[in-house]
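The values are calculated or read from the model by the stated rules, or taken from the named source; none is laboratory data. Given the structure is predicted, the values throughout are model-derived calculations rather than measurements. When we count neighbours, we look across all protein chains shown, and the Cβ atoms used for this are built from the backbone with ideal geometry, even at glycine.
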Amino acid sequence: MKKLRQTFLGLIALTGVVVVFTQCEKKDATASSIPAVGGVSTELLPLAYVDADSLVAHLDFHKRLADAFETKLSKQNAALNAAGQKLQNEVIAFQQKMQNNAFLSQERAQQEQTRIQRMQADLEKRADQVQQELAVERSNIQLQLNDSLVAGVKAFNTPQKYQMIITKSAMLYADERYDITAEVTTFLNKRFK
């Protein structure tokens, strides 16, 4: 009985060695098909990265949002510049009248000076208001862009090719084989159209 038990354990051990040897052979065959760098396997992990700056710069959606924002910014700046020019002309006219003693009374000169100061205060208030409106709009555009990118990258990865897609900005180094920026940009631009 003891001899039968030892033979049985020997067969189990031999089977285990054969299985391990067979698995090692399969791994060696797989590893040999993937080139190794410095003795380290270069098999790709299920993760990728995008260069967010490059991606955003080439997105049609971002270009449309940026163009609309720039148009609005230009219009606001033109309106503020025109109001500023009008105020400057009023100040110059007031100074000339003061030098030429064109005001009938000191009281009338004071009224004109108060009116110009109110114009200046209104212009400064309007400029602050425009800055705040533009900051809110810039923030809304950023939120729209972020939402669009997250939804777009999720759709890009719908057949779950990757476990994780990260941005390059936080990495010190990444192999270029993990860079999917071009594919994501193409996908998102097609999706936008």
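What about residue 176, is it over 19 Å from the mean Cα position of the chain (by Cα) and within 30 Å of residue 89 (Cα to Cα)?
Criteria not met by residue 176.
Only residues in segment 170-193 that are within 14 Å of residue 47 (Cβ to Cβ) count as the first member; pair them with residues that are loosely packed, with under 15 Cβ neighbours inside 10 Å and aliphatic (A, V, I, L, M), Cβ under 7 angstrom, at least 6 apart or cross-chain, and list the lot.
Hits for this filter: 177/44; 178/47.
Say whether the condition of being in a helix (DSSP H, G or I), of a type in the set (S, T, N, Q) and within 26 Å of residue 73 (Cα to Cα) is met by at least one residue in segment 91-105.
Checked segment 91-105: no residue is in a helix (DSSP H, G or I), of a type in the set (S, T, N, Q) and within 26 Å of residue 73 (Cα to Cα).
Please pick out the residue among 118, 5, 64 that is part of a helix (DSSP H, G or I) and modelled with pLDDT under 85.
5
Pairs under 9 Å by beta carbon, first residue among the hydroxyl-bearing types (Ser, Thr, Tyr) in segment 134-159, partner surrounded by 15 or more Cβ atoms within 10 Å (Cβ to Cβ), six or more apart or different chains?
Qualifying pairs under 9 Å: 148/59; 148/61; 148/62; 148/188.
Note down all Cβ pairs under 8 Å where the first residue falls in segment 79-106 and is free of Cβ contacts under 8 Å to residues at least 12 places away in the same chain, the second is charged (D, E, K, R) and surrounded by 13 or more Cβ atoms within 10 Å (Cβ to Cβ), and they're at least six residues apart or on different chains.
103/97; 103/112
Quick check: anything in segment 128-146 at pLDDT 90 or above and more than 29 Å from residue 63 (Cβ to Cβ)?
yes
Taking the criterion of being out of contact with any His (no Cβ under 8 Å at 6 or more places or on another chain), at positive phi and not hydrophobic (A, V, I, L, M, F, W, C), would at least one residue in segment 61-81 satisfy it?
no
Could you please find all residues in segment 106-130 being surrounded by 10 or more Cβ atoms within 10 Å (Cβ to Cβ), farther than 30 Å from residue 75 by Cβ and among the charged types (D, E, K, R)?
108, 112
Quick one: in segment 74-102, which of the residues that are in contact with a Lys or Arg (Cβ under 9 Å, 6 or more places away or on another chain) and of a type in the set (A, V, I, L, M) is surrounded by the fewest Cβ atoms within 10 Å (Cβ to Cβ)?
Among them, the one singled out is 79.
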